[in-house]
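See structure below.
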Amino acid sequence: MRLYLLALKPTDSVTEGFLPAAARLGLAVTLLTDRPGDHRHAARQAEVLECDVRDFRAVISRIATHRAPDAVFTNSDHLQTQAALAADYFGLPGKPWQAALRAKDKAQMRRHLAATGADTVTAAELTPGQDPAALARSGVPYPCVVKPREGVASEDVVLAEGPEELVARCAEIRARRPGEALVAEEYLPGELRTLETLGDGRIRHVLGGFRTELSPPPHFVEERMTFVRAHPGPVTGQVLAQLDALGVGFGAAHTEFVVDGRGRARLVEVNYRAIGDQCDLLLAGLLGIPLFEHILRTHLGEPLPTDLGARTDGAARLEYPCADRAGTLTAAPEAADLDVDGVRLAYRPLRALGERHALYRTNRDFLGVVRATGTDQTAVDRAVARFLAAHRWEVTP
């Protein structure tokens with residue numbers, strides 16, 4: 001059976017998760033990408049073909065002139081609608097393209113949730129070429145959050161305290177992203193949480209979630225994530241109801257939300273894919289399930305088991321040492337795998353020594369990732385704290 005996998009840049013989710021899972025399932029993989037050179041080095045077990053994967057017409061044409069597909073899949077935020085349209089064209093299982101579009105387009109997500117009565121968040125859209133002052137006159141309350149309409153990973157997501165700051169933030173983002181539409185929306189206070197789900201269109205499993213600790217405002221960099229086996233039932237129910245309203249139920253979804261003072265769950269965004277930044281790798285091991293295989297099987301049309309057989313005694317934490325300035329990485333630990341007091345700890349560098357980078361105020365500032373799993377949260381937290389204290393990361397301007 002042949003799997004077409006759409007990708008932009010190489011990611012750990014693909015190279016360490018989905019490609020090995022596809023090999024275990026005996027699938028022949030054709031990877032379509034606009035960066036074939038990067039993937040031929042990282043994805044040696046796949047056939048790599050160049051394609052303008054952002055254009056669904058180019059994807060369909062490339063597949064139609066190659067080999068017959070059995071599944072079309074992507075784990076990229078940017079390519080979900082294209083993959084869904086291609087799967088639908090070839091009569092294959094996949095996500096509804098309308099739901100993929102709603103999840104990707106943050107303005108459309110807000111409009112749709114409001115129209116269905118699922119939730120209303122005051123928001124306004126700034127189209128390319130439109131004067132940012134239009135947002136300041138839109139009635140969005142302050143403080144508000146401004147962000148790219150189709151952005152990811154907290155990139156160019158920033159808090160604005162008033163109209164003048166909102167206009168200035170829009171100008172800064174546009175200087176980096178000319179021609180992109182922006183969204184301003186009311187700030188949703190509360191602890192940021194995630195819900196990880198997996199469905200086949202018939203049943204949906206809740207895999208747990210994370211509590212996310214962010215950098216101080218005005219930016220929203222995810223610095224630490226702690227696994228939560230189950231959020232309170234009413235909270236999970238509210239999130240699932242909003243996902244139903246969006247039509248999000250097939251395959252993997254990573255949903256970010258906050259809970260307000262009245263116990264109401266408010267969606268921040270829906271990433272219609274598996275969680276990234278190595279959380280998916282941690283989740284598969286923590287739950288003791290073939291997570292990546294399950295996700296691929298749904299796109300092959302196979303039903304999920306009613307019971308995944310997931311472990312329920314796990315505790316986990318991820319920590320991301322971040323650059324706090326632009327410059328060259330001059331000191332950092334090497335990759336490590338440790339067992340400490342019943343805790344399995346893995347450290348993976350995300351930048352090489354000698355690399356020079358700007359300061360992005362996003363997860364592109366991550367210097368490495370510490371993943372720790374066990375059965376006691378206190379022991380897990382202690383192991384991570386000891387590892388961080390024993391090592392240093394230095395960025396030289």
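The values are calculated or read from the model by the stated rules, or taken from the named source; none is laboratory data. This is a predicted model, so every value here is computed, not measured. Note: ideal-geometry Cβ built from the backbone for every residue, glycine included; neighbour counts use all protein chains shown. Accessible surface areas use protein heavy atoms only, side chains included; no ligands, DNA or RNA. Shrake-Rupley method; radii C 1.70, N 1.55, O 1.52, S 1.80 Å.
All of Leu135, Leu166 fail the test of being touching a strand residue (DSSP E or B) at 6+ places or on another chain (Cβ under 7 Å), modelled with pLDDT of 90 or more, open to solvent by less than 50 Å² (accessible area, probe 1.4 Å) and assigned to a helix (DSSP H, G or I), apart from Leu166. Put simply, of Arg356, Arg371 the only residue that is basic (Lys, Arg), farther than 15 Å from Thr226 by Cβ and either within 26 Å of the chain's Cα centre (by Cα) or modelled with pLDDT of 95 or more (or both) is Arg356. Residues that are modelled with pLDDT of 95 or more and crowded, with 23+ Cβ neighbours inside 10 Å, at least 3 per element: which strands (runs of 3 or more DSSP E) completely within region 1-114 meet that? Correct list: 2-7, 28-33, 71-74.
Looking only at region 233-252, decide whether some residue is open to solvent by 60 Å² or more (accessible area, probe 1.4 Å), free of Cβ contacts under 8 Å to residues at least 40 places away in the same chain and assigned to a loop (DSSP other than H, G, I, E, B). No, region 233-252 has no match at all. Return a yes/no flag: does region 115-130 have any residue that is assigned to a helix (DSSP H, G or I), of a type in the set (A, V, I, L, M) and modelled with pLDDT of 95 or more. So far as region 115-130 goes, yes, one or more of its residues are assigned to a helix (DSSP H, G or I), of a type in the set (A, V, I, L, M) and modelled with pLDDT of 95 or more.
Right, Ala28: touching a residue at least 24 places away in the same chain (Cβ under 8 Å), within 14 Å of Leu5 (Cα to Cα) and in contact with a Leu (Cβ under 6 Å, 6 or more places away or on another chain) or not?
Working: touching a residue at least 24 places away in the same chain (Cβ under 8 Å): yes; within 14 Å of Leu5 (Cα to Cα): yes; in contact with a Leu (Cβ under 6 Å, 6 or more places away or on another chain): no.
Considered against the rule, which asks whether it is touching a residue at least 24 places away in the same chain (Cβ under 8 Å), within 14 Å of Leu5 (Cα to Cα) and in contact with a Leu (Cβ under 6 Å, 6 or more places away or on another chain), Ala28 comes out as no.
Inside region 294-339, residues that are free of Cβ contacts under 8 Å to residues at least 60 places away in the same chain, out of contact with any Phe, Trp or Tyr (no Cβ under 9 Å at 6 or more places or on another chain) and either open to solvent by less than 60 Å² (accessible area, probe 1.4 Å) or part of a strand (DSSP E or B) (or both) make up a count of 3. For beta carbons closer than 7 Å, sequence separation of 6+ or different chains, a first residue in region 255-273 that is over 23 Å from Gly94 (Cα atoms) and a second that is among the aromatic types (Phe, Trp, Tyr), the qualifying pairs are Ala265/Phe257; Arg266/Phe257; Leu267/Phe257; Val268/Phe257.
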